[in-house]
Amino acid sequence: MAKKTKRKIAYRTLPMQRQFNLRQEGEHFDLGEIFDQVNKRYFRGRLRDYKVEWGRRRKHRPKDHFVFGTIQEADRVIRIHPLLDQAFVPRWYLKYVLYHEMLHSVVPDESVKRGRRRVHTEEFNRRERAFRNYRRARRWEEENLSRFLR
């Protein structure tokens, strides 16, 4: 009897964002709509082909720090922590978080010692302060951080 060989099935590798089935619309906020507003106001609509999505919910909340958003410039994906999709979070604060992540795409990093890089440069910080509700957003963040930690 001839030996049967196992067939290998080739699956197309999907980008990370498709594997996790992430979405723009949350229970309280539509990130796509907010991205468009911030893009128009602060970037003259120049940021194109970006995906902005709620990240995945984690089983455990962090104890001592919280990452509100991230950007993967290579994939043009901005992810916002899903705990920000709550009624007590002001819309203007979410706009600030998106603005911060979007700013990373237009302000270059600086190289520092031993191959390290600085992403929050003086130029980045200067431009971040140009956000309309910058001080209000930073104050809200400090006052409410504990609501996102365990």
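The values are calculated or read from the model by the stated rules, or taken from the named source; none is laboratory data. These figures come from a predicted structure and were not determined experimentally. Ideal geometry is used to build each Cβ from the backbone, glycine not excepted, and the neighbour counts take in all protein chains shown. Surface accessibility is based on the protein's heavy atoms, side chains included, excluding ligands, DNA and RNA. Shrake-Rupley method; radii C 1.70, N 1.55, O 1.52, S 1.80 Å.
Assign one of three labels to the stretch 106-150, namely rounded, prolate or oblate, based on the Cα gyration tensor with a ≥ b ≥ c the square roots of its eigenvalues; rounded applies when a/c is under 1.5, prolate when it is not and a/b is larger than b/c, and oblate otherwise. Show your work: numbers first, answer last.
Numbers: a/c = 4.12, a/b = 1.56, b/c = 2.64.
Since a/c reaches 1.5 but b/c is at least a/b, the shape of the stretch 106-150 is classed as oblate.
Would the stretch 25-150 count as rounded, prolate or oblate if I go by the C-alpha gyration tensor, calling it rounded below 1.5 in a/c and otherwise prolate when a/b exceeds b/c, oblate otherwise?
Numbers: a/c = 1.41, a/b = 1.19, b/c = 1.19.
Rounded.
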(message) Net charge within 12 Å of ALA137 by Cβ-Cβ distance, Lys/Arg positive one each and Asp/Glu negative one each, not counting ALA137 itself?
(response) +4
(request) Can you send over the solvent-accessible area of SER146, 1.4 Å probe, protein chains only, in Å² to the nearest 10? (result) 90 Å²
(request) Could you tell me which of ASN125, TYR50, GLN86 has its Cα farthest along the dipole of the stretch 43-150 towards the positive end, charges placed at Cβ (Lys, Arg +1; Asp, Glu -1), taken about the Cα centre? (result) GLN86
(request) Quick one: net charge around ASP30, please, counting Lys, Arg +1 and Asp, Glu -1 for every other residue with C-beta under 13 Å from its C-beta. (result) -3
(request) Starting from the Cα of LYS51, draw a straight line to each of the aspartates and glutamates and keep only those under 19 Å, dropping any in the same chain fewer than 8 residues away. (result) GLU25, GLU27, ASP30, GLU33, ASP36, GLU73, ASP75, ASP85, GLU101
(request) Would you mind computing, in nm to one decimal, how far apart the modelled labels at GLN24 and ARG136 are, each placed 7 Å from Cα along Cα→Cβ? (result) 2.5 nm
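Sorted by accessible area with a 1.4 angstrom probe, largest first, how do LYS40, LYS95, LYS51 fall? Don't skip to the end; give the middle numbers.
Working: LYS40 160, LYS95 60, LYS51 95 Å².
So, going from the largest accessible area down, we get LYS40, LYS51, LYS95.
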(request) Note down the nm distance, to one decimal, between modelled labels 7 Å out along Cα→Cβ at ARG91 and at VAL112. (result) 3.7 nm
(request) For the stretch 36-150, give the magnitude of the charge dipole about the Cα centre (Cβ charges: +1 Lys/Arg, -1 Asp/Glu; no others), in debye to the nearest 20. (result) 180 debye
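Net charge near LEU103, counting Lys/Arg +1 and Asp/Glu -1 over other residues with Cβ under 9 Å of its Cβ? List each step's numbers first, then the result.
On the way: positive: ARG127; negative: GLU101, GLU128.
So the surrounding residues net to -1.
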